[in-house]
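Dropping the structure in here first, questions after.
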Amino acid sequence: MKDALIEFLSEKGVLITPEALDYVEKDVGDVGKLRSALSSMDKIPRILGIDMIRPMIEGGAAEAPLPDPPGEDRFIKVPEIPVKIDVLPGGIRIIRDVTGKSRSTAKVESFLSTFRDRYSRLHRVLRSKPHLKYVRRIGEAAKKKGEEISVIGMVRDVKETGKGFMISLEDPSGSIEVFFSRENLKERPLLDEVVGVFGRIPISERGKAPRMFGKRIVWPDVPPHKMRLSDEKVSVAFISDLHVGSETFLKDAWNSFIKWLESPEARDIAYIIIAGDVVDGIGIYPDQEEELEISDIYEQYAALAKMVEEIPERMTVIMIPGNHDFVRPAEPQPAFDDDIKKLFGGDILFAGSPSLIEIHGVKILAYHGTSINDFINVLPGVSYEDPSMALIRMLKSRILAPIYGGKTPLAPEKEDYMVIDEVPDIFVTGHVHSFVKSNYRGIRIINASTWQSQTKYQKMNNFKPDPGVVAIAELHTGRIYEKRFYA
Ligand SMILES: [Fe+2]
C-alpha cells in the first residue's frame, strides 16, 4: 500500500510528508480515496502535508499551501551525470531532455539535489563574468570586513525597505543579507534565481547574519549570440496548444494550414515543432467536460493522430507535452508514454518539455511555457497577450522556471533540467495562446500560437487569444516569418 501510494504520487510529481503518508496508510487504508480526491482538484499540490490531506479525504478539497522555503542545508552533493545524446535520423538529435532519465523520487530532500545542481551550473556561468571581481564563498564573506568582494548565491528573499532592498543570498557555505539602494538596483531579482553580487562588507557587524552593501547585481544571462545556420535550405514551422478534443478546437483553420503545407510556398518546411497541449486533456480544470467534444483521453490523442497523418509525409513532426497532456504535470515533463505513442503512425519524434533539439546544426530550445503564469504575477510588462519579457527573463536568469513554490509544478530531479545550459539559436514556448516573435541578444524568440478559439474561462478573464498563427524559421537564413490561418 505504501509503495503503491508513493509510486502513484511520484508519477503525479507530488511529494508527501511522513505524517501525511502515515495518515493515509493507517487511518484511510485506501489509495483510491486519495486518487479520486486528487483528480477532482483543478490544481494538484506539490507537497501534501497532513493539514492538506485530511480535508481532501474527509470532505472537500483544500487550496494547495505553499511549501516552506527550503532551509540552509538544502545543498547536498550529487554525483555528476553525463549528458546522453540521442542521435536520430534525418538531421535531428535531442541534446537534452528528461525522458527516460528521470530520477525523481517522492522525497522532499530530492529538491536539495535540484537546487544544488542549479547552483553549480549557474555558478559556472557567473564566475567568469568580468563585473564580478574577487568572488568568494558566502561563508568567508564575514571575514572580509571593509573589503570589496563578490558572492554568487541563490535568491532566498527580496524585501523592500524604506531606503532600498534587502536581498538574502545563499550558497553551499552560508547565507548573507545584501542591502541595495534603489539607485544600485534597477531590476529586482526573482526568488530562486542565482545571481552574482559585487559589493562591500561593512567593518562593523550588527545582527547575526553577515551583511554586505551591494553595488552591482549580475545575472547569468546569455552572451550576444550569432545564430548558427544550416547548410541545407530547410525550414521549421512552430505551432502549439492544439487542444484537440475541445469544442473550441479550430478545425477550419487547421485544415487550411494543412492545405498550405502542400503548397509550393511551404516546400522548404521539413519539420513541425508542436510546443505542448496537443490535446485538451480531461479533468484539467473544473467543469471541463462541458466544453469537451471528445471526453476520452485516448480518443483525443487518436483524433490528433489522424490530423497529424494529413501532414505531408516529407515533414517530421516533433511533439512535446504541456500542462493539458497525459504525462506528469510536474516539470520537467517527459515525452509521452508508449500507450499514447502507439496511437501515432509515421515519422514523429516525441520529446520532453523542456527539450534542447538540434536540427541541421541549429539548436532549438522548446518548452511548453507553464511558468509564464508565474512571471505574469511577478514581472512588470509580462501579460498573456505579450509574454516576450518572460521569455527574455528566462534567458537572462538561464532558468525556464526559476520560482519554486509558485504556480508551476516542479519535480525534484537530481539534475535541474530547467536550467538553460547551452545557448539556443531559437527559443520557443506556447501555453498562453498568443503569438509573439522577438529577438534577445541574437536568440530568436517565439511564443507559438494556439488552434483553440476563446474559451469560457478566457472570456471571463477578458483575454482574446491569437489563434491559427504559424511561425516559420528558415534555418539557412535565420529569418522568421508568420502565416495566419484564422481570420
Ligand atoms: Fe498550456
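The values are calculated or read from the model by the stated rules, or taken from the named source; none is laboratory data. For clarity, every value in this text was computed on a predicted model and none was experimentally measured. Every residue, glycine as well, gets a Cβ built from its backbone with ideal geometry; the counts of neighbours run over all protein chains shown.
Say we look at the stretch 207-246 and pick out the residues that are away from the ligand (no atom under 16 Å from the Cβ) and on the phi > 0 side of the Ramachandran plot; which of these is surrounded by the fewest Cβ atoms within 10 Å (Cβ to Cβ)?
If we take residues in the stretch 207-246 being away from the ligand (no atom under 16 Å from the Cβ) and on the phi > 0 side of the Ramachandran plot, then Gly207 is surrounded by the fewest Cβ atoms within 10 Å (Cβ to Cβ).
Counting only residues that are within 16 Å of the ligand (Cβ to nearest atom) and aliphatic (A, V, I, L, M), give me the strands (runs of 3 or more DSSP E) lying completely in the stretch 307-390 with at least 1 of them.
Here the list reads 316-319, 362-366.
Continuing with the same structure: Within the group Gly153, Gly199, Gly146, Gly164, which residue is among the small types (Gly, Ala, Ser), over 27 Å from Thr114 (Cα atoms) and crowded, with 21+ Cβ neighbours inside 10 Å?
The conditions single out Gly199.
Still on this structure, I have one more. In the stretch 122-146, how many are assigned to a loop (DSSP other than H, G, I, E, B) and modelled with pLDDT of 95 or more?
Qualifying residue count for the region: 1.
Name every residue in the stretch 112-143 that is buried (at least 19 other Cβ atoms within 10 Å of the Cβ) and of a type in the set (A, V, I, L, M, F, W, C), in order of residue number.
Passing the criteria: Leu112, Phe115, Leu122, Val125, Leu126, Leu132, Ile138, Ala141.
Residue by residue through the stretch 439-454, note down the ones that are closer than 19 Å to Pro467 by Cβ and either assigned to a strand (DSSP E or B) or in contact with a Leu (Cβ under 8 Å, 6 or more places away or on another chain) (or both).
Scanning the stretch 439-454 gives Ile446, Asn447, Thr450, Trp451, Gln452, Ser453.
Do we have Glu299 as farther than 26 Å from Val98 by Cβ, more than 15 Å from the ligand (Cβ to nearest atom) and either modelled with pLDDT under 95 or buried (at least 17 other Cβ atoms within 10 Å of the Cβ) (or both) here?
The answer is no for Glu299.
Any residue in the stretch 288-317 that's free of Cβ contacts under 8 Å to residues at least 12 places away in the same chain: show its pairings with residues that are β-branched (Val, Ile, Thr) and part of a loop (DSSP other than H, G, I, E, B) at Cβ separation under 9 Å, as long as the two are six or more apart or on different chains.
Between residues of the stretch 288-317 that are free of Cβ contacts under 8 Å to residues at least 12 places away in the same chain and residues that are β-branched (Val, Ile, Thr) and part of a loop (DSSP other than H, G, I, E, B), the close pairs are Gln288/Ile282; Glu289/Ile282.
Let me ask something additional. Looking for something within 16 Å of the ligand (Cβ to nearest atom), free of Cβ contacts under 8 Å to residues at least 40 places away in the same chain and over 21 Å from Ile94 (Cα atoms) - is there at least one such residue anywhere in the stretch 273-283?
yes
Would you list the strands (runs of 3 or more DSSP E) that sit entirely within the stretch 185-296 and hold 1 or more residues that are in contact with an Asp or Glu (Cβ under 6 Å, 6 or more places away or on another chain)?
194-200, 211-218, 235-239
So the check is Cβ under 6 Å with 6+ separation or different chains; which pairs have a first residue in the stretch 424-437 that's over 20 Å from Pro224 (Cβ atoms) and in the same structural domain as Arg393 (by TED's automatic domain parsing) and a second one that's more than 13 Å from the ligand (Cβ to nearest atom) and small (Gly, Ala, Ser)?
Val428/Ala366; Val436/Ser388
Same structure again: Please list, ordered by first then second residue, the pairs with beta carbon atoms under 8 Å, 6 or more apart or interchain, first in the stretch 383-407 and over 12 Å from Ile420 (Cα atoms), second in a loop (DSSP other than H, G, I, E, B) and of a type in the set (Phe, Trp, Tyr).
So the pair list comes out as Tyr384/Phe463; Glu385/Phe463.
In addition: Please work out which residue is farthest from Pro354 (Cα to Cα), limiting yourself to the stretch 267-296 and to residues that are surrounded by 20 or more Cβ atoms within 10 Å (Cβ to Cβ) and small (Gly, Ala, Ser).
Going through the qualifying residues, I end up with Ala270.
Yes/no per residue for (1) among the β-branched types (Val, Ile, Thr); (2) under 25 Å from Leu475 (Cα atoms); (3) more than 21 Å from the chain's Cα centre (by Cα):
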residue	(1), (2), (3)
Met307	no, no, yes
Glu310	no, yes, yes
Asp339	no, no, yes
Gly352	no, yes, no
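Do we have any residue at all in the stretch 308-319 that's within 18 Å of His368 (Cβ to Cβ) and of a type in the set (D, E, K, R)?
no
Still on this structure, please answer the following. Does the stretch 419-438 hold any residues that are part of a loop (DSSP other than H, G, I, E, B) and away from the ligand (no atom under 16 Å from the Cβ), and which are they?
Across the stretch 419-438, the qualifying residues are Ile420, Asp421, Glu422, Val423, Pro424, Asp425.
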